[in-house]
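Student: Below is the structure I would like to discuss, written out as structure tokens.
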Amino acid sequence: MIPVALTIAGSDSGGGAGIQADLKTFSALGVYGMSALTSITAQNTREVRSVFEVPAEVLSAQIDAVIEDIRPGAVKTGLLPSKASVEAVAEKLEGHRQTNIVVDPVMVSGSGTTMMAHDAIMALRACLLPLARVITPNLEEAQVLAGRRVETLDDMELAARELQAMGASSVLVKGGHLSGQQAVDVFFDGEDSVHLSLPRQPKQRVHGTGCVLSAAIAAFLASGQSLREAVESSKNFVDQAIRDALDLGGGVEQCDPLGLRRKGDAA
């Protein structure tokens, strides 16, 4: 049977991130993708113009409908704009006994728009972090969750350990916003700390990389890889998606998870 994964995230009308990027990633990796929308955004390559939150009861109903009929092998969460949405997702994932949960704590858009309320961040810490098999914050998100600056590789190491101590089974702190010739992420599973490094791409701003990474981890987990394998495979996948980024519109380039398949290089 084909592997199945569920994304619980916001809709990006520009197609570069959120639900759209997640489903493209699932498809590129041979995984059947399902979705539960948390919000509808009006955005393009330049800006986020508005965000409409899906009511918590509608969000809960989507999750119930999907999992009760087609049980996913893994779940990823993206934008959860309010405390109510975080609590609804945590309640449903725990109630349905989901264990392969990838939490991407989307807080601020690439254009600088705040996407997550303060009480939602507190709820994520309390309710969703303890359910996560892995959480994938970037530097800014790790800084908010850890409550202190995360600006160096040593800071990333410490933040990963602190967030794992808060309840997440493992943590991947993404270092793409650091300077240097290498793009280094820190993965900590409670025992071992591993630096995952690839040469930094010359493209400075590409929309959707965090969504594609977390979706890829979920896809690889649903396909039977171990967490360590899924994280490493996903970093390589995102590296290629950045290479294939599409220059559309008048703003930032869009991460392209379907790049290889679009070129006919993948089955």
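Student: When the Karplus curve 6.51 cos²θ - 1.76 cosθ + 1.60 is applied with θ = phi - 60°, which whole-Hz ³J(HN,Hα) does each residue of the range 160-173 get, with x for Gly and Pro?
Tutor: Once θ is set to phi - 60°, the couplings for the range 160-173 become 4, 5, 5, 5, 5, 5, 6, x, 5, 5, 8, 9, 10, 8 Hz.
Student: Would you work out the charge dipole size for the chain about its Cα centre, treating the Cβ of every Lys and Arg as +1 and the Cβ of every Asp and Glu as -1, and quote it to the nearest 20 debye? Let's see the in-between values first.
Tutor: Details: 23 positive and 32 negative charges, 97 e Å.
Dipole magnitude for the chain comes out near 460 debye.
Student: May I ask for the equivalent-ellipsoid semi-axes of the chain, computed as the square root of five times each C-alpha gyration tensor eigenvalue and listed largest first in whole Å?
Tutor: Whole-Å semi-axes of the equivalent ellipsoid: 23, 22, 20.
Student: Run the simple label-point estimate for GLN182 and THR152 please: 7 Å along Cα→C-beta, distance reported in nm.
Tutor: 1.7
Student: Follow-up question, since we're still on this one. Go through the range 4-13 residue by residue and turn each phi into a ³J(HN,Hα) via Karplus (6.51, -1.76, 1.60, θ = phi - 60°); whole Hz please, and just put x for glycine and proline.
Tutor: Running phi through 6.51 cos²θ - 1.76 cosθ + 1.60 with θ = phi - 60° gives 10, 9, 10, 10, 10, 7, x, 8, 9, 4 Hz.
Student: Which residues make up the longest stretch of the chain that has no GluC sites (Glu not before Pro) in a DSSP loop with at most 16 other Cβ atoms within 10 Å?
Tutor: Numbers: sites that count: GLU47, GLU151, GLU191.
The answer is 48-150.
Student: Kindly work out what percent of the DSSP beta bridges joining two residues of the chain are antiparallel, to the nearest 5.
Tutor: 45
Student: Report the local net charge at GLY15: Lys and Arg +1, Asp and Glu -1, summed over other residues whose C-beta lies under 13 Å from its C-beta.
Tutor: Local net charge: -3.
Student: Ranked from the most accessible area to the least, with a 1.4 Å probe and all protein chains present, what is the order of ASP256, ASP119?
Tutor: These residues rank, largest area first, as ASP119, ASP256.
Student: Starting at the first residue of the range 125-133, write each ³J(HN,Hα) from the Karplus equation 6.51 cos²θ - 1.76 cosθ + 1.60 with θ = phi - 60°, in whole Hz, x for Gly and Pro.
Tutor: 4, 7, 9, 9, 3, x, 8, 6, 6
Student: Per residue, how big is the convex hull around the C-alpha atoms of the range 148-193? Give it to me in cubic angstrom, could you?
Tutor: Working: hull volume 3.0 nm³, N = 46.
Given the Cα convex hull of the range 148-193, per-residue volume reads 64 Å³.
Student: Spin-label point model (7 Å from Cα, Cβ direction): what's the ARG49 to ALA61 distance in nm?
Tutor: Simple spin-label model gives 2.8 nm for this pair.
Student: In Å², and per residue, what accessible area does the chain have when probed at 1.4 Å with the other protein chains present? Provide the component values of the computation, followed by the final result.
Tutor: Numbers: 11530 Å² over 267 residues.
Roughly 43 Å² per residue, with all protein chains present.
Student: What FRET efficiency comes out for the pair ASP69/HIS195, r = Cβ-Cβ distance, R0 = 30 Å, nearest 0.05? Let's see the in-between values first.
Tutor: Details: r = 41 Å, r/R0 = 1.37.
After rounding, the FRET efficiency stands at 0.15.
The values are calculated or read from the model by the stated rules, or taken from the named source; none is laboratory data. Since the model is a prediction, treat every value here as computed from it, not as a measurement. Every residue, glycine among them, receives a Cβ derived from its backbone with ideal geometry; neighbour counts consider all protein chains shown. Heads up: the accessible areas ignore ligands, DNA and RNA and are worked out on the full protein's heavy atoms, side chains in. Shrake-Rupley method; radii C 1.70, N 1.55, O 1.52, S 1.80 Å.
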